[in-house]
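Colleague: Got a structure here, written out as structure tokens. Questions coming.
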Amino acid sequence: AVVSTQSTGGKVGLMHVGVFILLLLSGERNFGVRLNKLYLTRVPMDLPIFTGNHADLLILVFHKIITYGHLRLQPLFDCILTIIVNISPYLKQMCMVTASK
């Protein structure tokens with residue numbers, strides 16, 4: 001049980017670092033513009049099948065974190081929403097799967 005708790009704590013810490021980095025990047029225009037690049041690879045995550053860009057992937061992952069994530073990830077929700085607000089002016093399109101989330 002201790003190993004499981006340490007593993008979860010490490011993953012939560014890694015999520016905090018990742019979201020913080022994305023928050024910093026989302027303030028840069030070039031980052032937002034480059035999210036429009038078509039997304040072709042598949043990540044080994046339980047995400048809906050979609051045809052879209054990297055912004056779609058980012059928003060779908062954020063949706064999964066907010067709806068099904070660990071309770072210790074709740075402090076990140078404001079940062080996640082800020083990232084979406086920061087990138088939204090640069091997005092040219094969004095697939096229907098992402099838009100419905």
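Colleague: Working carefully through the options 33, 61, 19, find the one that is aliphatic (A, V, I, L, M), farther than 22 Å from residue 93 by Cα and modelled with pLDDT of 90 or more.
Modeller: 19 is the lone residue from the list that is aliphatic (A, V, I, L, M), farther than 22 Å from residue 93 by Cα and modelled with pLDDT of 90 or more.
Colleague: Then there is this: How many residues are within 21 Å of residue 81 (Cβ to Cβ) and either among the hydrophobic types (A, V, I, L, M, F, W, C) or not in a loop (DSSP other than H, G, I, E, B) (or both) if we restrict to the stretch 35-57?
Modeller: 9
Colleague: From the list 79, 95, which one is touching a Ser or Thr at 6+ places or on another chain (Cβ under 9 Å) and at negative phi?
Modeller: That would be 95, the only listed residue that is touching a Ser or Thr at 6+ places or on another chain (Cβ under 9 Å) and at negative phi.
Colleague: Specify which of the listed residues (73, 35) is out of contact with any His (no Cβ under 6 Å at 6 or more places or on another chain) and not small (Gly, Ala, Ser). First the steps, then the outcome.
Modeller: Working: 35 fails: out of contact with any His (no Cβ under 6 Å at 6 or more places or on another chain).
One residue alone meets the criteria, 73.
Colleague: Would you please name the residue that is least open to solvent (accessible area, probe 1.4 Å), looking only at residues in the stretch 63-101 that are of a type in the set (Phe, Trp, Tyr) and without any contact (Cβ under 8 Å) to a residue 12 or more places away in the chain? If you could, list the steps in order and put the result at the bottom.
Modeller: Residues of the stretch 63-101 that are of a type in the set (Phe, Trp, Tyr), as a first pass: 68, 77, 90.
Subsequent filtering for residues that are without any contact (Cβ under 8 Å) to a residue 12 or more places away in the chain retains 68, 77.
Details: 68: 171, 77: 44 Å².
It comes out as 77.
Colleague: In this structure, does residue 10 turn out to be modelled with pLDDT under 85 and under 23 Å from residue 74 (Cα atoms)?
Modeller: Details: modelled with pLDDT under 85: yes; under 23 Å from residue 74 (Cα atoms): yes.
So residue 10 passes the test.
The values are calculated or read from the model by the stated rules, or taken from the named source; none is laboratory data. This is a predicted model, so every value here is computed, not measured. Virtual Cβ from ideal backbone geometry, glycine too; neighbours counted across all protein chains shown. Calculation scope for accessible area: heavy atoms of the full protein, side chains included, ligands and nucleic acids excluded. Shrake-Rupley method; radii C 1.70, N 1.55, O 1.52, S 1.80 Å.
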